[in-house]
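Trainee: Got a structure here, written out as structure tokens. Questions coming.
The values are calculated or read from the model by the stated rules, or taken from the named source; none is laboratory data. Keep in mind that this is a model prediction, so the values were computed, not measured. Note that each Cβ is placed from the backbone with ideal geometry, even for glycine, and that neighbours are counted across all protein chains shown.
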Ligand code: GDP
Ligand code: IMO
Ligand code: MG
């Protein structure tokens, strides 16, 4: 058996949560492989809306096993909030969720370091979610981190104290020494949340998943963020601190590259980005505003306005290449229902006048998108349930994208609800 991977191809918020929920009935296990509470994955069904941050989006279906992998960074306090809310809404979470021992823990001082680091960057700041993601992954790579499995060790308190001491020295260096009482209060809540974490089953994801595959179980790996936020292949340094690409599923869960099966790449029918960093097709006009209003483009975690723009096929082709995408999923098609003309960026014109179709080393500065114009379908698709109902002009747009991207679009989403999903007949 192989694992399938589902990940975002743009700058995050493509609709991963919704589609993981829709696909979960076809799987036995859903596993998050990277990121942390910087993610906000929205699911809507039965007139309820849920936003998941660290917990996989398979928890609402029929008892599949959900796993938080070792590549994830976990904030015990935010995890507890999220988990208790789910338990209250009737999810038997301790039964369906298992936690990977190798996941690194986000400490209160990591969040302080995130804020202080951003402040020190001034107008070069990344616009992080402020959840301590960068500092926690920094500790992981510099071999100073604390892992979930360390909470089972007798010397956990000493490990915590050593990390805390280092962080306080770093914070002092940044002129952001924490106030003792505030830190003590945050730590008390944190330690209590660690005790709550202990109520869940801890596993070694590499052994668990490889055994599950040998036993014929079907596994879906859920990505967070998007390929253009990947620490290696995204618009560095305006990226997150993990590998959001398909390879991240291997390192984040312990499944080998030859165990990767289908790779579902999700993209919006347009583009959004939250936080700072280059965005070649960004719109500052009425079209951009209309996309934001119709798509409710406000961050699920921070509430920040998302920047909006036309679809960028140069960046999408690049993402499909580095991720090895085998199936495409197009989200939020309904948002474009009222646009008489739709644009798609097929190439970039660089400062020296040259036109490129390959994503360049840097997209900062003056890059002019080269657009192809496509007639809009001007039809409300949000109530449509099957491919036969879809307007011809919309299907022409999808066919155009498939030709440009070289991969079939297998699922079309026409609204936020679970039901507003059209799986195409040929798949
Ligand atoms: P994720 O981080 O990739 O899971 O995506 P988010 O949940 O952050 O953002 C996607 C937003 O779009 C959420 O508010 C979803 O409810 C919503 N959404 C998902 N699919 C569709 C769709 O096809 N149409 C519309 N209008 N909204 C959608
Ligand atoms: P989901 O999983 C959109 C962005 C932040 C910032 C940069 C670095 O919901 O798609 P970080 O806190 O990770 O250090 O911030 O990455 N970012 C996201 N943007 N969706 C996300 O997650 C994001 N997670 C981080 O806005 O620009
Ligand atoms: Mg999101």
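Trainee: Could you list, in sequence order, the residues of the stretch 157-176 that are in a loop (DSSP other than H, G, I, E, B) and within 15 Å of residue 135 (Cβ to Cβ)? I'd like the intermediate steps shown before the answer.
Mentor: Just the residues of the stretch 157-176 that are in a loop (DSSP other than H, G, I, E, B), to begin with: 174-176.
Across the stretch 157-176, the qualifying residues are 174, 176.
Trainee: Working only within the stretch 385-425, note down all residues that are assigned to a loop (DSSP other than H, G, I, E, B) and in contact with a helix residue (DSSP H, G or I) (Cβ under 9 Å, 6 or more places away or on another chain). Spell out how you get there, then give the answer.
Mentor: Initially, the stretch 385-425 is screened for residues assigned to a loop (DSSP other than H, G, I, E, B), giving 385-386, 390-391, 406-408, 414-416, 418-420, 424-425.
390, 406, 407, 408, 414, 415, 416, 418, 420, 424, 425, listed by residue number.
Trainee: If I filter the stretch 247-259 down to residues being in a loop (DSSP other than H, G, I, E, B) and surrounded by fewer than 22 Cβ atoms within 10 Å (Cβ to Cβ), which single residue comes out as nearest to ligand 2 (Cβ to nearest atom)? Reasoning before the result, please.
Mentor: Within the stretch 247-259, the first condition is being in a loop (DSSP other than H, G, I, E, B), and the residues that meet it are 254-256.
In the following step, the residues that additionally are surrounded by fewer than 22 Cβ atoms within 10 Å (Cβ to Cβ) were identified as 254, 256.
Numbers: 254: 21, 256: 25 Å.
Residue satisfying both the conditions and the ranking: 254.
Trainee: Considering only the stretch 118-156, state which residues are within 22 Å of residue 178 (Cβ to Cβ) and outside any helix (DSSP H, G or I).
Mentor: Within the stretch 118-156, 125, 126, 128, 129, 130, 131, 132, 142, 144, 145, 146 qualify.
Trainee: A follow-up question, please. Hey, residue 123 hits all of (1) surrounded by fewer than 19 Cβ atoms within 10 Å (Cβ to Cβ); (2) modelled with pLDDT of 95 or more but one; which does it fall short on?
Mentor: It is condition (2) that residue 123 fails.
Trainee: If residue 347 satisfies every condition in (1) buried (at least 18 other Cβ atoms within 10 Å of the Cβ); (2) in a strand (DSSP E or B) but one, which is the exception?
Mentor: Only one criterion is unmet by residue 347, namely (1).
Trainee: Check every one of the helices (runs of 4 or more DSSP H) wholly within the stretch 1-117 and list those with 1 or more residues that are in contact with a strand residue (DSSP E or B) (Cβ under 8 Å, 6 or more places away or on another chain), within 14 Å of ligand 2 (Cβ to nearest atom) and without any contact (Cβ under 8 Å) to a residue 60 or more places away in the chain.
Mentor: 16-23, 76-88
Trainee: Quick one: how many residues across the stretch 309-338 are in contact with a helix residue (DSSP H, G or I) (Cβ under 6 Å, 6 or more places away or on another chain), farther than 30 Å from residue 257 by Cα and not in a helix (DSSP H, G or I)?
Mentor: Residues flagged as in contact with a helix residue (DSSP H, G or I) (Cβ under 6 Å, 6 or more places away or on another chain), farther than 30 Å from residue 257 by Cα and not in a helix (DSSP H, G or I) within the stretch 309-338 amount to 1.
Trainee: While we're looking at this one, here's another question. Residues of the stretch 268-287 being crowded, with 21+ Cβ neighbours inside 10 Å and either over 21 Å from residue 227 (Cβ atoms) or within 16 Å of the chain's Cα centre (by Cα) (or both), which ones?
Mentor: 268, 271, 272, 273, 274, 275
Trainee: Taking into account only those residues within the stretch 7-36 that are within 13 Å of ligand 3 (Cβ to nearest atom) and more than 10 Å from the chain's Cα centre (by Cα), which is surrounded by the fewest Cβ atoms within 10 Å (Cβ to Cβ)?
Mentor: 19
Trainee: If you don't mind, there's one more thing I want to ask. Looking at (1) surrounded by fewer than 24 Cβ atoms within 10 Å (Cβ to Cβ); (2) within 11 Å of ligand 2 (Cβ to nearest atom); (3) at pLDDT 95 or above, which is the only condition residue 229 fails?
Mentor: Residue 229 satisfies every listed condition except (1).
Trainee: Given (1) touching a helix residue (DSSP H, G or I) at 6+ places or on another chain (Cβ under 8 Å); (2) assigned to a loop (DSSP other than H, G, I, E, B); (3) over 23 Å from residue 289 (Cβ atoms), where does residue 381 come up short, assuming only one miss?
Mentor: (3)
Trainee: Kindly indicate whether residue 372 is under 28 Å from the mean Cα position of the chain (by Cα) and closer than 17 Å to residue 267 by Cβ. So that I can check it myself, show each step before the final result.
Mentor: Numbers: under 28 Å from the mean Cα position of the chain (by Cα): no; closer than 17 Å to residue 267 by Cβ: yes.
Answer is no for this residue.
Trainee: Out of (1) within 13 Å of residue 36 (Cβ to Cβ); (2) out of contact with any strand residue (DSSP E or B) (no Cβ under 7 Å at 6 or more places or on another chain), the odd one out for residue 176 is which?
Mentor: (1)
Trainee: Any residue that is within 14 Å of residue 226 (Cβ to Cβ), surrounded by fewer than 24 Cβ atoms within 10 Å (Cβ to Cβ) and within 7 Å of ligand 1 (Cβ to nearest atom) - is there at least one of those in the stretch 41-55? Walk me through it before giving the result.
Mentor: Initially, the stretch 41-55 is screened for residues within 14 Å of residue 226 (Cβ to Cβ), giving 41.
Those left that are additionally surrounded by fewer than 24 Cβ atoms within 10 Å (Cβ to Cβ): none.
Looking through the stretch 41-55, none of the residues is within 14 Å of residue 226 (Cβ to Cβ), surrounded by fewer than 24 Cβ atoms within 10 Å (Cβ to Cβ) and within 7 Å of ligand 1 (Cβ to nearest atom).
Trainee: Can you find, within the stretch 177-229, the residue that is farthest from residue 364 (Cα to Cα) among those that are within 16 Å of ligand 3 (Cβ to nearest atom) and assigned to a helix (DSSP H, G or I)? Can you show your working first?
Mentor: Going residue by residue through the stretch 177-229, those that are within 16 Å of ligand 3 (Cβ to nearest atom) are 222-229.
When the remaining residues are screened for being assigned to a helix (DSSP H, G or I), the result is 227-229.
Values: 227: 17, 228: 13, 229: 14 Å.
Step by step, filter the stretch 177-229, then rank; the result is 227.
Trainee: Here's something else I'd like to know. Among the candidates 14, 81, which residue alone is away from ligand 1 (no atom under 16 Å from the Cβ), at pLDDT 95 or above and within 15 Å of residue 300 (Cβ to Cβ)? Walk me through how you get there before you give the answer.
Mentor: Numbers: 14 fails: away from ligand 1 (no atom under 16 Å from the Cβ).
The unique qualifying residue is 81.
Trainee: Quick one: which residue in 86, 93, 99, 105 is crowded, with 23+ Cβ neighbours inside 10 Å and more than 25 Å from residue 239 (Cβ to Cβ)? Outline the logic, then answer.
Mentor: Working: 86 fails: crowded, with 23+ Cβ neighbours inside 10 Å; 93 fails: crowded, with 23+ Cβ neighbours inside 10 Å; 105 fails: more than 25 Å from residue 239 (Cβ to Cβ).
After applying the criteria, what remains is 99.
Trainee: Which ones in the stretch 288-308 are crowded, with 16+ Cβ neighbours inside 10 Å and outside any helix (DSSP H, G or I)? Working first, answer last.
Mentor: First, pick out the residues of the stretch 288-308 that are crowded, with 16+ Cβ neighbours inside 10 Å: 288, 290-292, 294-295, 297, 299-302, 306-308.
Across the stretch 288-308, the qualifying residues are 297, 299, 300, 301, 302, 306, 307, 308.
Trainee: Would the stretch 296-313 turn up any residue that is more than 16 Å from ligand 1 (Cβ to nearest atom) and over 23 Å from residue 394 (Cβ atoms)?
Mentor: For the stretch 296-313, residues more than 16 Å from ligand 1 (Cβ to nearest atom) and over 23 Å from residue 394 (Cβ atoms): absent.
Trainee: State whether the residues of the stretch 339-358 include one that is modelled with pLDDT of 95 or more, more than 16 Å from ligand 3 (Cβ to nearest atom) and within 30 Å of residue 30 (Cβ to Cβ).
Mentor: No.
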